[in-house]
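Novice: Next up is a structure, given as structure tokens.
The values are calculated or read from the model by the stated rules, or taken from the named source; none is laboratory data. Since the structure is predicted, the reported quantities are computational estimates derived from the model, not experimental observations. Cβ: placed from backbone, ideal geometry, glycine included. Neighbour counts: every protein chain shown.
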Amino acid sequence: MGRFTLLWMLPPLAIGAAAAAWFISQASGPAQVPAEAPGQAVHVQRAQVRDIRPTVRAWGNVRAAEHWTAIAEVRGTVIWRHDNLEPGRVIAAGDEVLRLDPADHDLAIAQFEADLTAFAAEVAQIEAEAANTGKVLALERARLALLDSDLARVRDLVAQGAAPRARADETERGVLAARRVVTELENSLALIPSRQMRLTAQVARTEAALAGARRDLENTRIAVPYDLRVTQVQAERFQFMSIGQPLFAGDAIDRVEVVAQIPIPGFRRLLSGAPVTADVLSALQAGVTWPIDAELRLIGDPSQVWQGKVTRIEGALDPRARTVPVVVEVTDPYQGAAPPFRVPLVPNMQMEVTLTGATLAGVVTIPESALHGDLVYIADEADRLILRPVTLAFRQDGIAAIVDGLSAGTRVVTDDIAPAIPGMVLRPVEAVE
């Protein structure tokens, strides 16, 4: 029974094996998928065109825009001093604050006025002398004419033998004496103009000295030229002050300045949108209008803000930092002051200065992280890496402004790739802006 069953099962098994062999021989081989290199995942952003204003931040100390020091122009003892002439006090323009003893100057004025009176009397005397001398000269000339006629008549008589020779000699001596008197009178009249000129010069010199004495008298009263806040006082009551000695000093309160030290690249960035000036010296002489906005914040309390304007650039770089000293002016530094909530701007306060240049239109910008030296990594349309050189204008607030080498919409890689091999496959992940 067992052998019969085994024989009965052999034919189906043989048929199944033959069918399997036939199917295997007829089946196609396994499909082959070509292997691809795995791409590197990177973050990309598209280059954008935007309008941008260059901005630079710097720091500086407040200083007075105008500082005035009163110097003694005359010597004398301080006989009066204003009650508000103390450091920190504010004095209005035109207020008299000091007086020096005027006694010496009053005496000098009296002396010069007396000299002028004496000169006036001398002028009158010379004029009278000139008039009298002129009258006497006229008489002497008439007498000389008579003597000349008499001499001619006597000479005729002597020639006729009617008169002795001695009479002619005596008459001639009289003529010579009269001629001498006339000559002396003429000389006296000729000298009068020079005497008048000398006297006129003396009068002018005395008048100038009198004007100087009166000016010195005015200089014994010291008044301030504009509203100022007193910073130093050297003059005390009953103190003798010499010519050239400082009396007091003060700062103008209508405006202050802050000198912001700007690195040269930052200053160049600020002027990126400014018009190009060919003649720098002429522009400086005419007064350059800087297209730069300035905002100042108090260090320690950034909520206190002032607006300023750039007025000039000082004449030399900082000797140590080699930075550009930009002078920012703030008008009305005391306006709105309400200590302790808002303080006025006073010298030596530390300020943060934000300078903003003119708007640059249509600038191609990319994230600063996409810049690798002078190269930018670009993902092309086939997601392969391109290393492209670009020309950088400036960096600011995490972005880089590109002058040349890049167009808007280009995908730039913001990650570092090491090594960066041109043509390598990328898997870009575009950042959501």
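Novice: If you check 126, 52, 91, 109, which single one turns out to be surrounded by 13 or more Cβ atoms within 10 Å (Cβ to Cβ), over 45 Å from the mean Cα position of the chain (by Cα) and touching a residue at least 60 places away in the same chain (Cβ under 8 Å)?
Specialist: Answer to the check: 126.
Novice: Okay, next question. Take residues that are at pLDDT below 95 and tell me which of the strands (runs of 3 or more DSSP E) falling wholly in the stretch 42-141 contain 2 or more.
Specialist: Passing ranges, in order: 48-52, 55-64.
Novice: Here is a further query. Tell me which of these residue 5 doesn't satisfy, since it passes every other one: (1) at pLDDT 60 or above; (2) of a type in the set (Ser, Thr, Tyr); (3) outside the structural domain of residue 242 (by TED's automatic domain parsing).
Specialist: Evaluating residue 5 over (1) at pLDDT 60 or above; (2) of a type in the set (Ser, Thr, Tyr); (3) outside the structural domain of residue 242 (by TED's automatic domain parsing) leaves (1) as the failure.
Novice: Considering 85, 116, which residue is surrounded by 12 or more Cβ atoms within 10 Å (Cβ to Cβ) and assigned by TED's automatic domain parsing to the domain that holds residue 195?
Specialist: The unique qualifying residue is 116.
Novice: Now a separate question. Select, from 114, 130, the only residue that is of a type in the set (A, V, I, L, M, F, W, C) and out of contact with any Ser or Thr (no Cβ under 9 Å at 6 or more places or on another chain).
Specialist: Matching residue, one of 114, 130: 114.
Novice: So which pairs qualify, if the first residue must be in the stretch 209-238 and in the same structural domain as residue 96 (by TED's automatic domain parsing), the second must be modelled with pLDDT under 95 and of a type in the set (S, T, N, Q), the Cβ gap must be under 9 Å, and the two must be at least 6 apart or on different chains?
Specialist: Going by the 9 Å Cβ cut-off, the qualifying pairs are 230/84.
Novice: Is it the case that the stretch 36-47 has a residue that's among the aliphatic types (A, V, I, L, M), touching a strand residue (DSSP E or B) at 6+ places or on another chain (Cβ under 9 Å) and loosely packed, with under 14 Cβ neighbours inside 10 Å?
Specialist: The answer is yes; a qualifying residue exists.
Novice: Please count how many residues of the stretch 143-167 are basic (Lys, Arg) and in contact (Cβ under 8 Å) with a residue 12 or more places away in the chain.
Specialist: 3
Novice: Can you go through 223, 213, 235 and tell me which one is buried (at least 16 other Cβ atoms within 10 Å of the Cβ) and touching a strand residue (DSSP E or B) at 6+ places or on another chain (Cβ under 6 Å)?
Specialist: Criteria check complete, one pass: 235.
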